[in-house]
Amino acid sequence: MCLFCEIAAGRIPSTCLYEDEDVFVFKDINPQAPVHFLVIPKQHIDSLNGLTPENASAAAKCLLVAARVAKEQGLDGGYRLISNCGDDAGQTVHHLHFHVLGGTKMGERVL
Ligand code: AMP
Ligand code: ZN
């Protein structure tokens, strides 16, 4: 079972901010900034390393949606987008996701 596949399917509850046929956006359960949400493709992809020419459009759509939801969340002053890839980056959920963090002036290190 993949936690984020379950969340995208609505089988595990989350605070959803946006959803379409390809992308799901929800609040991070352990926020590291005043605004912290996660953008995921509904299709299961392990990480950035799982991207291929065939599925790369899912990641591209995530980035478009990230910018759109950031605007909706009032992040006019900017935001940070992070994708942890692999153990050395501290990836804990092995379903590709993009953290969007904002709502404060951030230091050089956030995650
Ligand atoms: P990462 O360390 O980059 O793999 O990030 C995983 C993120 O998922 C962390 O920031 C967690 O707080 C977040 N997370 C884990 N479980 C949930 C959940 N059930 N709902 C929302 N966010 C979650
Ligand atoms: Zn998954």
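Just so you know, all these numbers are worked out from the coordinates, no wet-lab data involved. Keep in mind that what you see is a predicted model, and the values were worked out from it rather than measured. Glycine also receives a Cβ, built like all others from the backbone with ideal geometry; neighbour counts cover every protein chain displayed.
What to note about this one:
- Cα-projected label distance for residue 63 with residue 106, points at 7 Å along beta-carbon direction, nm: 1.6 nm
- Dipole magnitude (debye, nearest 20) for the chain, charges at Cβ of Lys, Arg, Asp, Glu: 320 debye
- Residue-averaged 222 nm ellipticity for the chain, from DSSP H runs of 4+ at -39500 (n - 2.57), nearest 500: -6500 deg cm²/dmol
- Distance between the pseudo-spin-label points of residue 1 and residue 71 (7 Å out from Cα toward the beta carbon): 3.8 nm.
- Proximal aspartates and glutamates to residue 71, defined as alpha-carbon separation beneath 16 angstrom and excluding residues fewer than eight positions away on the same chain: 19
- Prolate/oblate/rounded label for the range 1-81 (Cα gyration tensor, a/c 1.5): oblate
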